[in-house]
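I'd like to ask you about the structure that follows.
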Amino acid sequence: MIRKIIHIDEEKCNGCGLCARACHESAIGIIDGKAKLLREDYCDGLGDCLPACPTNAISFVEKEAAAYDEAAVLENKKKLEAHSQLQQWPVQIKLVPINAPYFDDADLLIAADCTAYAYANFHQDFIKGKITLIGCPKLDSVDYSEKLTEIIRQNNIKSVTIVRMEVPCCGGIQNAAINAMKASGKFLPWQVYTISTDGRILA
């Protein structure tokens, strides 16, 4: 059938992944650093991905394409729920670059690395839809605040979510994130979640 569907100009695409996050049907993925339409029948033709693209690499075209298959989309979403929601690599605070395309318009997750082991549904409840940075101030023996300050200052971060364990040493990552937001000179919405050692959200 002839219908409206998205077209991605790979030459314009910078691989930031914002379109993939905006697509509620999971029709877009990042492959070899470029956005790709994974399946035509996942694209509903509504174009939530278009305004998310910072380089105007996505447009509508009228072409012969498979019809939108809502049942297939729902089935795929069920499968994705059991898969990784990680959107970028690396994730360690000490390894990530200060500037990267995926930081643009990002909701930032700053988490103590133990939290993903303690809280069973970490990917779905915390990583999904966010750019993830992890670290352990006790094991790394560093103050992350300086690097986090520059990441927040030099990129268009929309919000910050901090996830820590209830143990005292995790206060270091919370303090680093809060100090970084203050030092950046930006006012951002932020929230702290504390995970218990038996895997519950305490606050």
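Mind giving me the nanometre distance, one decimal, between the label points for residue 89 and residue 72, set 7 Å out from Cα along Cα→Cβ?
2.8 nm
With charges only on Cβ, +1 for K and R and -1 for D and E, what is the dipole size of region 92-203 about its Cα centre, in debye, rounded to 20?
For region 92-203, the charge dipole is close to 140 debye.
Also, quick follow-up: Calculate the dipole size of the chain relative to its Cα centre from +1 charges on Lys and Arg beta carbons and -1 charges on Asp and Glu beta carbons; express the result in debye to the nearest 20.
520 debye
Taking only the alpha-carbon positions of the chain and ignoring solvent, what does the Debye formula give for the base-10 log of I(q)/I(0) at q = 0.15 Å⁻¹?
Cα-only, vacuum Debye calculation for the chain: -0.94.
For the chain, what is the relative contact order in percent, using Cα pairs closer than 8 Å and at least 6 residues apart in sequence?
Relative contact order comes out at 18 percent.
Next question. Stretched out fully, how many nm does the piece from residue 26 to residue 125 gain, at 0.36 nm a residue minus the Cα gap?
That pair, residue 26 and residue 125, stretches by 33.9 nm at full extension.
Out of 156, 175, 90, whose Cα points farthest toward the positive end of the dipole of region 67-203 (charges: +1 Lys, Arg; -1 Asp, Glu; placed on Cβ)?
Checking the options against the dipole of region 67-203, the answer is 175.
Another question about this same structure. So if R0 is 22 Å, what FRET efficiency would residue 14 and residue 107 give, r being the distance between their Cβ atoms, rounded to the nearest 0.05?
The value I calculate is 0.75.
Okay, moving on. Calculate the FRET efficiency for residue 186 and residue 7 from the Cβ-Cβ distance with a Förster distance of 35 Å, rounded to the nearest 0.05.
Efficiency at R0 = 35 Å is approximately 0.50.
When each pair of different Cα atoms in region 2-80 is counted once in the 1/r mean, what is the Kirkwood radius in angstroms, to one decimal?
12.5 Å is the Kirkwood radius here.
Right, here's the next one. Quick one: of 34/147; 79/130; 94/130; 94/186; 138/158; 78/128, which pairs are farther than 24 Å apart, Cα to Cα?
34/147; 138/158
Choose one of 132, 144, 108: the residue whose Cα lies farthest towards the positive end of the charge dipole of region 101-195 (beta-carbon charges +1 Lys, Arg; -1 Asp, Glu; about the Cα centre).
About the Cα centre, the residue reaching furthest to the positive side is 108.
What is the sum of charges, Lys and Arg at +1 and Asp and Glu at -1, for the other residues whose Cβ falls under 13 Å from the Cβ of residue 31?
+1
Per residue of the chain, what 222 nm ellipticity follows from adding -39500 (n - 2.57) for every DSSP H run with n ≥ 4, rounded to the nearest 500?
-6500 deg cm²/dmol
For region 101-195, with equal point scatterers placed on the C-alpha atoms only and solvent neglected, what are the log10 I(q)/I(0) values from the Debye formula at q = 0.23 1/Å, to two decimals?
The calculated log intensity ratios at q = 0.23 Å⁻¹ are -1.22.
Can you give the local net charge around residue 53? Use residues other than it whose beta-carbon is closer than 14 angstrom to its beta-carbon, Lys and Arg +1, Asp and Glu -1.
Net charge in that neighbourhood comes out at -2.
Still on this structure: Pop the C-beta distance of residue 46 and residue 143 into the FRET formula with R0 = 41 Å and round what comes out to the nearest 0.05.
Efficiency, from the Cβ-Cβ distance: 0.35.
Read-outs: derived from the displayed coordinates by stated rules, not from any lab. What you are looking at is a predicted structure, and each value in this text was computed from that prediction instead of being measured. Heads up, the Cβs are rebuilt from the backbone with ideal geometry, glycines too, and the neighbour counts pull from every protein chain shown.
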